[in-house]
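Asks: My structure is below; once you've seen it, I'll send some questions.
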Amino acid sequence: MGEEQNFLEGQLLMAMPDMGDSRFAHTVIYMCSHSEDGAMGLVINKEVDYITFPELLEQLEIDVQAPAENILVHAGGPVETGRGFVLHSTDFVQESTLIVSKDIGLTATADILTAIAGGVGPRHNLLALGYSGWAPGQLEVEIGANGWLHTKADEELVFGPGLADKWPRAIATLGIDVSLFSGNAGHA
C-alpha cells in the first residue's frame, strides 16, 4: 500500500497567531491546489488598498455600463500580485475553470470579470490579485513547525462578508478559542 497523502486542496489554511511572516499574519487562505509538486492558495480575508474593482475594469479595458455590485479586490498573496484570480461558486464554469471542490472553482480569465461586472457571473465570487505559493514540501514543513492550522472550507467562510472576523471564525470551526493562544507553541 502507498503512503497516505493529506493534501489540503479545497480546505482553509489559517495562520497561527505567532506567524513569523508579517505578510501572512492572521490570514485565512483557501487552498486551490496542493500536491507533491507544491501548493497554491488565495488569501480570502485581506483587501488591497491600491486599486478598486471599477479601476481594475478600466485598466483591463473591460467596458460595462456600471458594475452590478461593489466587488472587493482581495490581496491573494505575495506572488504575482499583478495577476488576477476569481474563486467562485460552480454555477459558473468556463473551459479554463479549475474545479477545486464540488462547490468552488477558480478562474483566471478576463471573461469572468466581464460577467461579474455585468451581473451575470457566478452566484458567489471572490476576486484576488496575487496568490500564495509553496515549493514542494514547504507547506508541510511550515505546518509541522506550528505555522498553520487547517479546516474544512464552507461557502459562508470563503465568500461571506466580514474580512476582519474570518480568521477567528475559521479558527473557531476547530473548537479553538483564539483568546487562549499564547505567543509560544511547543512540541511534545
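Asks: How much length, in nm to one decimal, is gained on full extension between Y50 and V93, taken as 0.36 nm per residue of separation minus their Cα-Cα distance?
Replies: Values: separation 43, 0.36 × 43 = 15.48 nm, distance 2.89 nm.
My answer for the length gained is 12.6 nm.
Asks: Using a Debye calculation, one point per C-alpha and no hydration shell, please list log10 I(q)/I(0) for the chain at q = 0.08, 0.11, 0.14, 0.17 Å⁻¹ in order.
Replies: -0.26, -0.49, -0.78, -1.11
Asks: So for the chain, taking the charge dipole from beta-carbon charges (+1 Lys/Arg, -1 Asp/Glu), which of A110, L57, P17 sits furthest toward the positive end?
Replies: After comparing all options, I get P17.
Asks: Could you check the simple spin-label distance between I176 and L149, using points 7 Å along Cα→Cβ, in nm with one decimal?
Replies: Calculated label separation equals 0.3 nm.
Asks: Next question. List the GluC sites (Glu not before Pro) in segment 73-140 that DSSP assigns to loop (not H, G, I, E or B) and whose Cβ has at most 14 other Cβ atoms within 10 Å. Which are they? Mind dumping the intermediate values first?
Replies: Details: sites: E80, E95, E140; in loops: E95.
In loop regions of segment 73-140 (DSSP not H, G, I, E or B), the sparsely surrounded GluC sites (Glu not before Pro) are E95.
Asks: Moving to a separate point now. For S22 and Q65, what is the calculated FRET efficiency with R₀ set at 41 Å and r taken between the beta-carbons, to the nearest 0.05? Please report the intermediate quantities before stating the final value.
Replies: Values: r = 40 Å, r/R0 = 0.99.
In this case the efficiency is close to 0.50.
Asks: At most 14 other Cβ atoms within 10 Å plus a DSSP loop assignment makes a site exposed; report the longest stretch of the chain without any exposed trypsin sites (Lys or Arg not before Pro). Present the calculation step by step, with values, prior to reporting the outcome.
Replies: Working: sites that count: K102, R123.
Answer from the scan: 1-101.
Asks: Is the shape of segment 9-62 best called rounded, prolate or oblate, per the rule: a/c under 1.5 gives rounded, else a/b larger than b/c gives prolate, else oblate, with a ≥ b ≥ c the square roots of the Cα gyration tensor eigenvalues? Provide the component values of the computation, followed by the final result.
Replies: Values: a/c = 2.98, a/b = 1.56, b/c = 1.91.
Oblate shape, in that a/c is at least 1.5 and b/c is the bigger or equal ratio.
Asks: Give, rounded to the nearest 20 debye, the magnitude of the charge dipole that segment 11-180 has about its Cα centre when Lys and Arg contribute +1 at Cβ and Asp and Glu contribute -1 at Cβ. Intermediate results must be reported in sequence, preceding the final value.
Replies: Numbers: 8 positive and 23 negative charges, 60 e Å.
Approximately 280 debye in magnitude.
Asks: Additional query: Just tell me the longest site-free run in the chain, where the sites are chymotrypsin sites (Phe, Trp or Tyr not before Pro) in a DSSP loop having at most 15 other beta-carbon atoms within 10 Å. If you can, show how the numbers build up before the last one.
Replies: Numbers: sites that count: F7, Y50, F181.
My reading of the result: 51-180 is the longest stretch.
Asks: Next up: Let me have the 222 nm mean residue ellipticity of the chain computed from DSSP H runs of 4+ only, each contributing -39500 (n - 2.57), with the sum over all residues rounded to the nearest 500.
Replies: Numbers: 5 runs with 37 residues, N = 188.
The helix-only estimate for the chain comes to -5000 deg cm²/dmol at 222 nm.
Read the figures in this text as sums done on the coordinates, not as results from a lab. In this text the structure is predicted, and so the values were computed from the model without any measurement. Cβ: placed from backbone, ideal geometry, glycine included. Neighbour counts: every protein chain shown.
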